[in-house]
Amino acid sequence: MKLPVYLYGHPVLRAVSEPIGPEYPELKELVAQMFDSMYLSEGVGLAAPQIGRNIRLVVIDADPVSDSFPECAGRKMTLINPEIEIFDEPAISRSEGCLSLPGISENVPRVEHITLKWLDEDFQPHCEEIKGFLARIVQHECDHLEGKLYIDHISGIRRQLIRGKLNNIATGRTRVDYPAKYAPAAKRR
Ligand code: NI
């Protein structure tokens, strides 16, 4: 069974997630299932809150966008307890989408240069300077661990313009072509 992606309006997406250790049960199976769900829904990243668990775990496979962003070639990563430091540089606006916000994409300003520290699925530590669209993906996914969504970074006017679409997701009126879990209050049609 594929893990369903939790959709906008579900409170699990707005909670701050907890760090995990090697004792976390069946972690490798969970990571494999998250990659499966991500590939099935054609995303390049998926954070654990999006499959209903408030733990600091992210999977990324950025290779599918490497034609446009060469820095993403071959970048498949499992991030446990990631920590980001953002360089003091001007932000760049680029289009982002999110599997928890189907049918929406918005330009999001971010600095595309970070230092990332993380543990891999064997709990080995890594530290790397990351640039470009990969740095954007990492920030987007790590935002999920803080209960943040990319729409939190856009202007009030833009949010107002997509309010109807957001409302449709939160109330179960948006059709999604991958396994998905609507907010508890959503009425399924
Ligand atoms: Ni997302």
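Brief remarks on what is shown
- Between G147 and S17, the built amide H atoms are under 5 Å apart, and every one of these is 5 or more places off in sequence or on another chain.
- Computed packing ranks the peptides 114-123, 56-65 as 56-65, 114-123, most packed first, by mean other Cβ atoms within 10 Å.
- Residues whose placed amide H lies under 5 Å from that of I92, excluding near-sequence neighbours: R110, V111, E112
- For the range 38-151, Kirkwood radius (reciprocal of mean inverse C-alpha pair distance, Å): 14.2
- Placed amide H near K181: partners under 5 Å, 5+ positions off or other chain: V5, Y6, L7
- Three-way shape label, the range 107-152, alpha-carbon gyration tensor, a/c 1.5: oblate
- The relative contact order of the range 1-67 comes to 39 percent, based on Cα pairs under 8 Å that sit 6 or more residues apart.
- Residue of L145, L79, L40 that the Gaussian network model of the chain assigns the largest fluctuation, springs spanning Cα pairs under 10 Å: L40
- Counting 0.36 nm for each residue step from L40 to K165 and taking away their Cα separation leaves a gain of 42.7 nm.
- Separation of the I92 and D152 label points, Cα + 7 Å toward Cβ, nm: 2.4
- Pairwise centroid distance, computed over Cα atoms, of the range 102-129 with the range 1-68, Å: 13
- Quarter of Cα convex hull surface for the range 123-179, i.e. mean projection, nm²: 6.5
- Ordering G164, C127, V5 by Cα displacement along the dipole of the chain toward the positive end leaves G164 in first place; charges were set at the Cβ atoms of Lys, Arg (+1) and Asp, Glu (-1).
- Here the range 1-134 has 50 percent of its accessible surface on carbon and sulfur atoms, given a 1.4 Å probe and all protein chains in place.
- Per-residue HN-Hα couplings for the range 5-19 [Karplus 6.51, -1.76, 1.60; θ = phi - 60°; Hz; x = Gly/Pro]: 8, 6, 9, 2, x, 6, x, 4, 7, 10, 8, 7, 8, 9, x
- Evaluating 6.51 cos²θ - 1.76 cosθ + 1.60 at θ = phi - 60° for every residue in the range 20-26, the Karplus couplings come out as 10, x, x, 7, 4, x, 6 Hz, glycine and proline recorded as x.
- Distance in nm between pseudo-label sites at S105 and K76 (7 Å out along the Cβ direction from Cα): 2.4
- Per-peptide average of other Cβ atoms within 10 Å, ordering 107-113, 90-96 highest first: 107-113, 90-96
- For the chain, calculated [θ]222 nm from helices alone, where every DSSP H run of n ≥ 4 adds -39500 (n - 2.57): -6500 deg cm²/dmol
- Accessible area of the range 5-181 divided out per residue, in Å², using a probe of 1.4 angstrom: 48
The values are calculated or read from the model by the stated rules, or taken from the named source; none is laboratory data. None of the values given here were measured: they were computed from a predicted structure. Please note: Cβ atoms are built from the backbone with ideal geometry, for glycine as well, and neighbour counts cover all protein chains shown. To get the accessible areas, we keep the full protein, side chains included, count just its heavy atoms, and leave off ligands, DNA and RNA. Shrake-Rupley method; radii C 1.70, N 1.55, O 1.52, S 1.80 Å.
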